[in-house]
Amino acid sequence: MKKTFLTIVAVVTVFILLISLRTQATSQTPTLWGLYENNLKTAKYVDLTHAFNPTIPVWSGFKKAKFRPTVAGTDIPNYIQTGQEYTYKAHGFIATGYELPTDQYGTQLDPPAHWNDYGATISDLPATYAVRPLVVIDIHEKVAVDSGYHATVGDILAWEKKYGRIPKGAVVMIRSDWYKKWSNVERFNQKPFPGITLDALKFLHQQRNILFHGHEPLDTDTTPTLEGEAWLLRNHYTQAEGVANLDRVPETGALVTIGFAKPEGGTGGFARYIAICPSNWSHGVSVIEAPGAPLPKQRYQLQRDTNGVLKPTQS
């Protein structure tokens, strides 16, 4: 009887121990918070995105956007009448109305549906687009000599000789420094401008299996048929256009976060790309330097300019 009792006690003890170990293991399940605290919090963040407004470069076949104050769409007794503009003084807030005649505007992401009637739209893109390794292939010195230079397979192989094989699923950005002409609207879209060859695009997708590539101009290449863009979108790939600040991020070792508006069935994406660089990188700001809450107060009161864009303006 005593032996049986001891056996029961031993079994119960082992059972309790196993439950304890399982609970402990569950409570110690790894999370991404440590990654944030130890790496992402001190990393340097660089915005690769142009802010868009009614004056930016756009393909000549599209109209430009219009910004205007939001007005009431219906009467609200003792508050506002239909057509009346919302103001800080009278209503406690304001809002802005945007007339966007195309989704091919500013820094963007092109989905296959832009050229492909069986292609994925913006709202079909998976959430896994959110964070990827960032590769920057630098052709800006060649573009300085020949403004119509297009990145080649040779440029890609030269990058790999220096840094190693491009990671599968990476985003590959082509640095040309063309973004610096953004404020020169007439010249920005004029040929010659830099691009990437069809052979290079095929190599990146078929040999290196990247997620997508990006470039600073608003077109992939300067061929009469836009052969690079046609091949990409008709083969169910995406691409980034109108990217900025690639001269401020490392050629290897960074990540890129990808955010875009999600209009259902959208044929273009108003996108925002942000590079996450190592903490010792010379450009960008960390979460510690710019925590984001609260945001800094504007130096001057916000007022709309002649294009309807809100800006801090000294009276």
Among strands (runs of 3 or more DSSP E) entirely inside the stretch 220-315, those with 1 or more residues being open to solvent by 30 Å² or more (accessible area, probe 1.4 Å) are 254-260, 269-277, 302-304, 310-312
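Hey, can you tell me all the residues within the stretch 49-95 that are at positive phi and either open to solvent by less than 80 Å² (accessible area, probe 1.4 Å) or under 36 Å from the mean Cα position of the chain (by Cα) (or both)?
Gly83, Gly92
Report yes if Thr238 is among the β-branched types (Val, Ile, Thr) and without any contact (Cβ under 8 Å) to a residue 12 or more places away in the chain, otherwise no. Can you show your working first?
Numbers: among the β-branched types (Val, Ile, Thr): yes; without any contact (Cβ under 8 Å) to a residue 12 or more places away in the chain: no.
Spelling it out, it is not the case that Thr238 is among the β-branched types (Val, Ile, Thr) and without any contact (Cβ under 8 Å) to a residue 12 or more places away in the chain.
To keep it simple, each residue is scored yes or no on (1) part of a strand (DSSP E or B); (2) over 20 Å from Arg272 (Cβ atoms); (3) touching a residue at least 12 places away in the same chain (Cβ under 8 Å); (4) of a type in the set (Asp, Glu).
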site	(1), (2), (3), (4)
Gln104	no, no, yes, no
Asn116	no, yes, yes, no
Ile137	yes, yes, yes, no
Glu141	no, yes, no, yes
Ser147	no, yes, yes, no
Ala158	no, yes, no, no
Lys161	no, yes, no, no
Arg165	no, yes, yes, no
Val172	yes, no, yes, no
Residues located in the stretch 123-163, provided they are open to solvent by less than 80 Å² (accessible area, probe 1.4 Å), over 23 Å from the mean Cα position of the chain (by Cα) and farther than 17 Å from Ala200 by Cβ: Ser147
Could you please find all residues in the stretch 164-216 being under 14 Å from Val153 (Cα atoms), small (Gly, Ala, Ser) and open to solvent by 10 Å² or more (accessible area, probe 1.4 Å)? none
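The values are calculated or read from the model by the stated rules, or taken from the named source; none is laboratory data. Values in this document were obtained by computation on a predicted structure and should not be read as measured data. Backbone-built Cβ (ideal geometry, glycine too); neighbour counts: all protein chains shown. Remember, those area values only see protein heavy atoms, side chains included, never the ligands or the DNA or RNA. Shrake-Rupley method; radii C 1.70, N 1.55, O 1.52, S 1.80 Å.
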